[in-house]
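The values are calculated or read from the model by the stated rules, or taken from the named source; none is laboratory data. Model, not experiment: these values are computed from the prediction. Because the Cβ atoms are built from the backbone with ideal geometry, glycine has one as well, and the counts that use them run over all protein chains shown. Note: areas computed on protein heavy atoms with side chains; ligands, DNA, RNA excluded. Shrake-Rupley method; radii C 1.70, N 1.55, O 1.52, S 1.80 Å.
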Amino acid sequence: MATKPDTDRSTSRVRLRLTLATQVGEGIDGYILGGLGAVVPAVTTALNMSAWMVGLIGSSALVGIFVGGPLFGWFADRYGRRIVFLTDMLIFLVGSVAQFFVHDAWQLFIIRLIMGIAIGGEYAIGAPLLSEYAPKANRGRLLASLEVSWYVGYMVAFAVGYALVNVPDGWRWTLASSTVIAVICVSLRGGIPESARWLLSKGRRAEAQALIDRFGMDIDVDTEVADAEPRNSLRALFTKEHIRSTIFASTFWACLVLPYFAISTFYPQVLAALGLGDDALAGSLASNGFAVLGVAVGCLLVERIGRRKLLIPPFWITAVALAVVGVWPNAPIAVVVICFLVFSFLNAASSALTAVYPLEVFPTSIRTTGVGFATAMSRVGAAIGTFLLPIALTQVGVGFTLLIGAAVLAIGGLVSQFLAPETTGLDLSHAVRAAHKTPV
């Protein structure tokens, strides 16, 4: 029998390996999405793409995420976390290499679509598996830090793209450079054990207990077994027991990302419409910088002030910030800039919870399916906002457009006020039960 120090060292090693494997996986998601943005002009010229095809390739990963989230989530709930966790990264590896050899736009579209499916799968499996091994005391901070990894990956991809812009076939090397990250991540994931919580949800108690004893995990075994969902995992999301969690996770996530992706994608146009003119680019860079800072602060606060305080007040404050500019589009530049910086900072701080809350409100037996479905709904929100914002700017003007964004944030605040549970410091199985109760 292993001694207590041996158990502690084993627990530390597996958590460190799993944390690194998940952090790198989240980073490669951002890297793959950011890498394309950095080389779009070069790819457009090299592959002689039309504007229609550029838009199609640009949206291919988004479509893939919509499919991959629920699909990989369902597989992980049915067949286990470990196999999906590794398979997902192998798809990244193959897709990264394949991008180097494309010769026409349709090839790139298909590869990016498949990689988008893998990104959706990463959202559905990476953070949930980490949550099932994470200690309750710092689970929120650990999961929230995944958002930082995404931002870092996105920014590094842009840096690589610009560094290789004058290199022959630099766009190929940029897109294929994610191969290096994928190889590292595959090597990390090869030694990850199965989730003991998933084994319990499948009635494999002896195997689960062996893992619990081996790694000294603090799991409420009886509660995990009692809350196992015997029905089809996708159908179970809409039963009386879980519809509350499904509505909450999908709505708060979509309401956070819809205005953010729409406005951040078109920051220069929005700020120019507000009269900032030559300052639009500087304003957009400042807003994105505040977003990165906001995510980092969200990671630090998630365990200190609790989930609800990190989610609900920022919803209302950011709604007011956009509404102020919406009803006063001719406000002094200082007012406009302050409102947008407040929006960027607090919206990003709350977005740290997109890697936390969805994992805590669904039981283990349907956790990855629930997270995958919420991911898909959030991407629907992002797609709607990104598609409609330039149209709205032209048709109804910047003021009314920002009021629509404020309304979306207010809906998120209202839904969260009534449905968001306080799960800080709770065992994962107890957090699920808290999600079934009306918040005080």
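Charge dipole of segment 1-145 (Cα centre as origin; +1 on each Lys and Arg Cβ, -1 on each Asp and Glu Cβ, all else neutral): 600 debye, rounded to the nearest 20. Against the main long axis of the alpha-carbon atoms of the chain, helix 139-163 sits at an angle near 40°. Ordered from largest to smallest accessible area (heavy atoms of protein chains, 1.4 Å probe), the residues 103, 242, 430 come out as 103, 430, 242.
Taking every protein chain into account, the accessible area of segment 65-165 amounts to 38 square angstrom per residue (probe 1.4 Å). Across the alpha-carbon set of segment 1-154, the Rg to Rh ratio works out to 1.07, Rh being the Kirkwood radius. If you look at the Cα atoms of segment 359-417, you get an Rg and a Dmax of 15.3, 47 Å. Taking the C-alpha atoms only, the angle from helix 105-133 to the longest principal axis of the chain is near 40 degrees. A 1.4 Å probe run over the protein chains yields, for segment 286-424, 35 Å² of accessible area per residue, whole-number rounding. In the elastic network of the chain, a GNM with C-alpha springs shorter than 10 Å, the most mobile of 47, 86, 33 is 47.
Taking a 1.4 Å probe, which of 52, 106, 150, 316 shows the most accessible area, and what order do the others take after it? Present the calculation step by step, with values, prior to reporting the outcome.
Numbers: 52 165, 106 130, 150 35, 316 100 Å².
Final ranking, largest accessible area leading: 52, 106, 316, 150.
The label-point distance for residue 52 and residue 247, in a model that sets each label 7 Å from Cα toward Cβ, rounds to 4.2 nm. Taken over the chain, the percentage of Cα pairs per 20 Å bin, counting from 0 up to the bin with the maximum distance, is 26, 56, 17, 0. Each Lys or Arg adds one and each Asp or Glu subtracts one; over the other residues with Cβ under 14 Å from the Cβ of residue 71, this totals -1.
Entry note, the chain: relative contact order of 25 percent, from Cα contacts under 8 Å with a spacing of 6+ residues.
For the options 29, 104, 427, a Gaussian network treatment of the chain with springs between C-alpha atoms closer than 10 Å singles out 104 as fluctuating the most. Connecting C-alpha atoms closer than 10 Å in a GNM of the chain, tell me which of 326, 372, 69 has the biggest fluctuation. In this elastic network of the chain, the residue with the biggest mean-square fluctuation among 326, 372, 69 is 326.
Ligands, DNA and RNA left out, the 1.4 Å accessible surface of the chain is 70% carbon and sulfur atoms.
Against the chain, whose longest principal axis is taken from its Cα atoms, helix 333-351 shows a tilt of about 20°. The tail of the calculated P(r) for segment 99-158 beyond 19 Å holds 50 percent of all Cα-Cα pairs.
Calculated over segment 290-440, the projected area of the Cα convex hull averaged across directions stands at 9.4 nm². What accessible area, in Å² to the nearest ten, does a 1.4 Å probe give for residue 238? Result for residue 238: roughly 110 Å² accessible.
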